[in-house]
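To start, the structure under review is shown below, and the notes come after it.
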Amino acid sequence: MSFIQLDRLAKQFGSTKVVNDFSLSIPKGAFVSLLGPSGCGKTTVLRMLAGLETPTAGSIIIDGKDVTNLKANQRQIGMVFQAYALFPNLTVAQNVAFGLRVVNKPRAEIDKRVAEMLELIGLPDLGTRYPFQLSGGQQQRVALARAIAPRPRVLLLDEPLSALDAKIRVSLRSEIRAIQRELGITTVFVTHDQEEALSISDQVVVMYKGIAEQAGTPFEIYNAPKTKFVATFVGTLNVLNGKVSNAARGEVEVDGTALTLSTPIAAAGGSSVSLAIRPESIRLNGAEACDTHVAAEIGEVSFLGSVIRIRAKMLGADVEFDMFNQPDLPPPLPGSKVTVGLNRRDFLLLDT
Ligand code: ATP
């Protein structure tokens, strides 16, 4: 049963359609990310959900009730923005209390809730500080506490981590996810960072030019992308160009080598197609039993610590793959000729 239902939502600014035919069903308590490049309409979807933007067409149902025409303050939604949007002249405790004061909650109840919220975000002793006395990460925690203090039905997060440095971003995203799980609050998170979306979401919706290209679990989105855009936007992908040699048998000739896919190909024999393969599916030296072995010439080798990233030429293309660092197994040398193993189940046929 869905808790939030967006049905054929559209938004047009002047003559420009920025969101088109956008439908999405979100179960209660789920953490859903809207992922896509800058300008694809993520924030506009979030703002329509919040009641800050009126849809040109379509409807928004929350908990069985049509809220499409309700004002923002009637929707019981909490929101955290990208920029630190705390009130600079209020203390941390006063910021967190803000939404409770607006609805005239009794003083004792407000104090209790603020203390609970500060405990939840791990800042129990900072209630009397002002925002300028906090780090960026602390300010975003306070913004989160302020958003959830009034017990909203839905939490909307618009790139809340993008202004923070990489390390804090990674730790704060886990904290946000842990708090969201603890409260069981249905959450929609906007990001253009694919690793962020994949790592914390129950469901990811990949958006491109105002439409939802694909929605699914992070595992589905990464391993079974339905469109070329999703395949190339999410994760690193090596693309091999070839021609269909036998459609029924799923055979493609790439740079003189016959590769077989695990499924038949819809395109006619002789058509040009692009095959994609993820870096982790290219196995150096083909040590394991693989369906095909091909020759590769090693290019740049970058030692990144736990992982070694290798660029190589194979099947007429420049590809990239990784190997785990093993102290007793030195990485290949640039310029050396190696054999790599590929498996048919790992090829993705990209629609062009
Ligand atoms: P980003 O990651 O850069 O924030 P986004 O995917 O969230 O991008 P939106 O902010 O939803 O994208 O914007 C989608 C498109 O709509 C953009 O081209 C933007 O310029 C346009 N747009 C957004 N708000 C308005 C507005 N009020 N008036 C006119 N155009 C707008």
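Counting only strands (runs of 3 or more DSSP E) that fall entirely inside segment 165-218 and contain at least 3 residues that are out of contact with any Phe, Trp or Tyr (no Cβ under 6 Å at 6 or more places or on another chain), more than 16 Å from the ligand (Cβ to nearest atom) and of a type in the set (D, E, K, R), no element qualifies. Only a single criterion out of (1) part of a helix (DSSP H, G or I); (2) farther than 12 Å from Leu155 by Cα is not satisfied by Asn69, namely (1). Looking at segment 13-41, which of the residues that are farther than 20 Å from Asp193 by Cβ and near the ligand (Cβ under 10 Å from one of its atoms) is surrounded by the most Cβ atoms within 10 Å (Cβ to Cβ)? Within segment 13-41, the match that is surrounded by the most Cβ atoms within 10 Å (Cβ to Cβ) is Val19.
Could you count how many residues in segment 78-99 are closer than 24 Å to Ile26 by Cβ, in contact (Cβ under 8 Å) with a residue 60 or more places away in the chain and open to solvent by less than 40 Å² (accessible area, probe 1.4 Å)? Residues that pass the stated criteria total 3.
Figure legend. Inter-residue proximity from segment 301-312: first residues open to solvent by 40 Å² or more (accessible area, probe 1.4 Å), second residues polar (S, T, N, Q) and in a loop (DSSP other than H, G, I, E, B), beta-carbon distance below 7 Å, spacing 6+ or different chains. Indicated pairs: Ser306/Asn325. Among the residues examined, Leu144 qualifies as more than 16 Å from the ligand (Cβ to nearest atom), assigned to a helix (DSSP H, G or I) and touching a residue at least 60 places away in the same chain (Cβ under 8 Å).
Collect the residues in segment 147-164 that are among the small types (Gly, Ala, Ser) and either more than 16 Å from the ligand (Cβ to nearest atom) or at pLDDT 90 or above (or both), keeping them in residue-number order. Correct list: Ala147, Ala149. A search for C-beta distances below 7 Å between a residue of segment 42-57 that is free of Cβ contacts under 8 Å to residues at least 12 places away in the same chain and near the ligand (Cβ under 10 Å from one of its atoms) and any residue that is open to solvent by 10 Å² or more (accessible area, probe 1.4 Å) and not hydrophobic (A, V, I, L, M, F, W, C), counting only pairs 6+ apart in sequence or on different chains, returns Arg47/Glu53.
Taking the numbered list (1) more than 16 Å from the ligand (Cβ to nearest atom); (2) part of a loop (DSSP other than H, G, I, E, B); (3) farther than 24 Å from Ala215 by Cα in turn, Val96 passes all entries but (2).
The values are calculated or read from the model by the stated rules, or taken from the named source; none is laboratory data. The model shown is predicted, which means the values in this text are computed figures rather than measured ones. FYI the Cβ positions are ideal-geometry reconstructions off the backbone, even for glycines, and counts take in every protein chain you see. Note: accessible area is taken over every heavy atom of the protein model, side chains too, but ligands, DNA and RNA are not part of it. Shrake-Rupley method; radii C 1.70, N 1.55, O 1.52, S 1.80 Å.
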